Amino acid sequence: MSQLMDPPPFSPVEPVTEVLHGVPVTDPYRWLENQNSPETRTWIEDQTRYARAYLDGIPGREDIRNRVRKLLDVESCDSFLKTRNRYFFRKRLRGCEQPSIYFRDGADGKDQLLVDPSTRETGDYTSVRPLRASSDGSLLLYEIKQGGERMGTFEILDVANRRRLSDSLPRGYLRGFAFAQDGKSFCYVHEAADSQRPFYRAAYHHNLGTAFETDREIFCAGEDDRLRLILVSGPRQLGLLVYRFLERTYTDFYLYGMGISRVPIRILQNADYHFFPVLLAGRILAAVNHDAPNGRIVEVQARKNQNPLFFDLIPQTGRSLRNCSLTRSHILVSYVHGAQSRVQIFDLFGKYLGQIPCDLDETVRLIAANPDEDEIFFERESFTEPIEVHRFSPASFESTLWARHGVPLRGGDYAHSSVHYISDDGTAVPIFLFGRREALAAGLHPVVMTSYGGYGIPMTPQFSVFVSVLVEMGCLFALPNIRGGSEFGAEWHHAAKRRNRQVAFDDFLAAAEWLVKTGRTRPESLAIFGGSNAGLLVGVAMTQRPDLFRAVLCVAPLLDMLRYHCFEGTQAWKEEFGTADEAGDFETLASYSPYHAVRDRTAYPATMIVSGDADQNCNPLHARKMIARLQAANGSEHPVLLDYSKLRGHSPVLPFSKRLGSLTDRLAFLCHELELTL
């Protein structure tokens with residue numbers, strides 16, 4: 001039940017009207033796009049005080065915090081690298097604010113601390129992550145971030161002497177890096193935040209110990225904000241991928257002999273399909289969707305002045321190819337079909353050898369491999385089992401547990417099922433239901449639901465502290481496999497892409513209606529949540545059917561779909577959403593853009609939107625403007641809250657105490673609105 005609150009802070013209306021394709025569009029809160037203006041900063045402070053008055057006063061909040069701490073404060077490992085017999089990884093110990101970088105000499109060696117972010121004396125928001133190791137393991141490239149920003153700074157460590165080299169790349173985006181075989185130089189693509197030419201896309205060769213001003217440019221893709229240059233490392237050569245974000249995305253690919261003064265050789269030009277190359281000694285393999293919407297692995301045969309020939313190593317199947325990893329002697333390919341994960345193993349010429357054992361209700365992800373070694377790392381998890389990290393030998397099929405991230409839910413008390421419901425156009429859509437056995441069996445229960453519905457990203461069983469706490473309290477968790485993902489191949493994605501986006505929203509709303517219609521819940525006990533593209537999903541759901549939901553948690557969202565493309569880093573999203581610059585796309589975007597769909601004097605659900613200044617993916621202007629519009633229009637007594645932080649961004653690297661507080665806030669909000677108690 002919503003507690004009585006004072007009226008929300010006043011947000012001045014300063015309308016700006018534009019005519020788009022003959023249609024006048026008025027934006028009442030354009031002024032909130034200016035993140036650093038005194039007016040916006042004051043408004044954020046007022047919104048923060050308003051939200052804290054609600055969140056801090058929720059009964060039982062401390063019990064929730066204590067339960068979250070037990071589940072969240074666990075040892076964890078990620079970001080694995082291996083070279084020779086040396087392993088590098090990131091590990092967080094219980095009680096630490098941030099993980100540190102460690103290494104082992106040999107798989108059974110002792111964990112040795114290399115980089116501890118707390119010693120930098122820059123605060124708890126500083127995080128580190130290993131990125132690349134030299135071929136002999138003597139040098140390590142790692143990234144330093146402040147808060148949740150996408151940009152980072154990049155340093156190199158002399159591992160034996162624990163000494164940081166002077167060859168550091170300043171804050172910006174690192175689009176590729178490769179140590180030379182002799183460890184005396186490296187090649188890189190870096191977009192510096194303070195560059196005088198921010199759209200100049202080039203790759204450089206740097207000798208260790210020299211000034212970056214003397215670096216040799218080895219390739220230039222051009223100077224345009226619609227270009228992106230990516231460097232791909234290989235044992236003898238480098239690859240240079242050029243993406244051009246025009247009416248659609250086009251890809252060029254070049255080969256460059258590292259350390260040799262020669263002109264890069266163009267292999268591919270104007271490809272309008274996905275092309276993800278892997279360089280081996282004397283061979284180029286690639287994952288492509290050319291003539292294979294679900295993806296295939298090919299060998300690339302270069303041709304002079306022509307695009308290459310592709311020879312199938314691993315042909316397309318009915319499953320969606322998610323990613324592949326190469327070891328010295330094997331290709332491992334991860335597939336998803338119907339929300340089930342499979343990792344198949346082939347030799348380097350495409351002969352099928354077997355697969356990693358995997359239960360039907362598990363998600364398995366390939367996370368690290370080295371083409372010079374014959375082992376990989378993978379993760380597995382499920383609704384009840386937290387992440388386990390395994391070392392795996394594809395030659396012997398032996399798997400060794402490296403780390404387990406926490407304690408599983410008591411398996412006998414919880415269960416899940418996968419059933420189907422019918423969407424508006426008659427399509428059968430799968431949905432996972434997970435919870436306590438008695439809640440899953442029958443009766444009305446509070447339900448929390450999420451999905452994603454975009455970019456071909458499938459929704460598979462995963463462990464979530466957030467969901468675990470809610471199901472412990474008697475909630476059902478619902479996860480529909482809506483279109484826009486790739487659970488049933490590329491067609492499932494394309495069915496809800498760009499001008500078909502409403503299909504994903506219809507599938508999501510149909511899932512909510514089905515939960516009510518089948519007697520599992522009622523609208524007053526139904527909450528939805530989602531972040532990033534799923535933040536857009538729940539924003540659309542609440543504005544199209546505000547009567548269907550009791551509470552909405554919307555994290556780092558896109559919400560103003562007529563202007564999302566006007567801000568940093570969104571050129572690559574044009575194929576997924578379209579932009580308001582094109583008349584046909586404008587019509588679609590205007591029909592569902594949540595910010596423009598808010599209607600005055602409408603009873604909206606209790607809503608909490610989460611964002612922060614450091615979000616360089618989904619600009620926080622979306623959250624700020626949507627909060628102002630919802631608060632002004634809301635005709636219900638339910639709260640509309642902004643949870644905002646200066647250092648929160650899209651990267652999940654906040655210090656533990658802040659993650660604990662944020663997760664407690666989100667759970668306390670939903671528990672209070674759904675009348676749940678531990």
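So SER166 clears everything in (1) modelled with pLDDT of 95 or more; (2) of a type in the set (Ser, Thr, Tyr); (3) touching an Asp or Glu at 6+ places or on another chain (Cβ under 9 Å) except one condition, right? Which one?
Against the list (1) modelled with pLDDT of 95 or more; (2) of a type in the set (Ser, Thr, Tyr); (3) touching an Asp or Glu at 6+ places or on another chain (Cβ under 9 Å), SER166 comes up short only on (3).
Within segment 300-333, count every residue that is closer than 17 Å to LEU255 by Cβ and loosely packed, with under 15 Cβ neighbours inside 10 Å.
Summing the residues that are closer than 17 Å to LEU255 by Cβ and loosely packed, with under 15 Cβ neighbours inside 10 Å in segment 300-333 gives 6.
Could you list all residues from segment 624-650 that are farther than 19 Å from ARG601 by Cβ, out of contact with any helix residue (DSSP H, G or I) (no Cβ under 7 Å at 6 or more places or on another chain) and not charged (D, E, K, R)?
Within segment 624-650, SER645, LEU647, GLY649, HIS650 meet the criteria.
So, in segment 265-288, how many residues would count as being crowded, with 18+ Cβ neighbours inside 10 Å and part of a loop (DSSP other than H, G, I, E, B)?
Result for segment 265-288: 0.
What pairs come up if the first residue lies in segment 136-156 and is of a type in the set (Val, Ile, Thr), the second is in a loop (DSSP other than H, G, I, E, B) and modelled with pLDDT of 95 or more, and their beta carbons are under 6 Å apart, counting only those six or more places apart or on different chains?
Correct list of pairs: ILE156/LEU165; ILE156/ASP167.
Going residue by residue through segment 364-381, is there one that turns out to be modelled with pLDDT under 95 and either in the same structural domain as VAL447 (by TED's automatic domain parsing) or under 20 Å from VAL471 (Cβ atoms) (or both)?
The answer is no, given that none of the residues of segment 364-381 is modelled with pLDDT under 95 and either in the same structural domain as VAL447 (by TED's automatic domain parsing) or under 20 Å from VAL471 (Cβ atoms) (or both).
May I ask you to list the residues in segment 643-665 that are closer than 20 Å to VAL448 by Cα and either in contact with a Pro (Cβ under 6 Å, 6 or more places away or on another chain) or buried (at least 22 other Cβ atoms within 10 Å of the Cβ) (or both)?
ASP643, THR664, ASP665
May I ask you to list the residues in segment 245-254 that are surrounded by 17 or more Cβ atoms within 10 Å (Cβ to Cβ) and modelled with pLDDT under 95?
If the condition is that a residue be surrounded by 17 or more Cβ atoms within 10 Å (Cβ to Cβ) and modelled with pLDDT under 95, then PHE245, THR249 are the ones that fit.
If a residue counts only when it is in contact with a Lys or Arg (Cβ under 9 Å, 6 or more places away or on another chain) and at positive phi, which strands (runs of 3 or more DSSP E) contained entirely in segment 5-96 have at least 1 such residues?
Counting at least 1 such residues, we get 76-83.
Find the strands (runs of 3 or more DSSP E) located wholly in segment 391-436 whose residues include 3 or more that are touching a residue at least 60 places away in the same chain (Cβ under 8 Å) and within 27 Å of the chain's Cα centre (by Cα), and list them.
Strands (runs of 3 or more DSSP E) meeting the threshold: 428-436.
What number of residues in segment 144-161 are buried (at least 18 other Cβ atoms within 10 Å of the Cβ), on the phi < 0 side of the Ramachandran plot and not basic (Lys, Arg)?
The qualifying residues number 11.
Considering only segment 637-659, I want to know if a residue exists there that is assigned to a helix (DSSP H, G or I), outside the structural domain of GLY456 (by TED's automatic domain parsing) and of a type outside the set (D, E, K, R).
Checked against the condition, which is being assigned to a helix (DSSP H, G or I), outside the structural domain of GLY456 (by TED's automatic domain parsing) and of a type outside the set (D, E, K, R), segment 637-659 yields at least one hit.
In segment 334-357, how many are in a loop (DSSP other than H, G, I, E, B) and either in contact with a helix residue (DSSP H, G or I) (Cβ under 9 Å, 6 or more places away or on another chain) or within 19 Å of ILE457 (Cα to Cα) (or both)?
2
Any residue that is surrounded by 14 or more Cβ atoms within 10 Å (Cβ to Cβ), in a strand (DSSP E or B) and within 24 Å of the chain's Cα centre (by Cα) - is there at least one of those in segment 106-127?
yes
Name every residue in segment 223-240 that is out of contact with any Phe, Trp or Tyr (no Cβ under 6 Å at 6 or more places or on another chain) and modelled with pLDDT under 95, in order of residue number. Lay out the reasoning, then the answer.
Going through segment 223-240, the residues out of contact with any Phe, Trp or Tyr (no Cβ under 6 Å at 6 or more places or on another chain) turn out to be 227, 229-237, 239.
Within segment 223-240, SER233, GLY234, PRO235, ARG236, GLN237 meet the criteria.
The values are calculated or read from the model by the stated rules, or taken from the named source; none is laboratory data. Just so it is clear, the model here is predicted, and its values are computed rather than measured. No Cβ is skipped: glycine too gets one built from the backbone with ideal geometry, and neighbour counts run over all protein chains shown.
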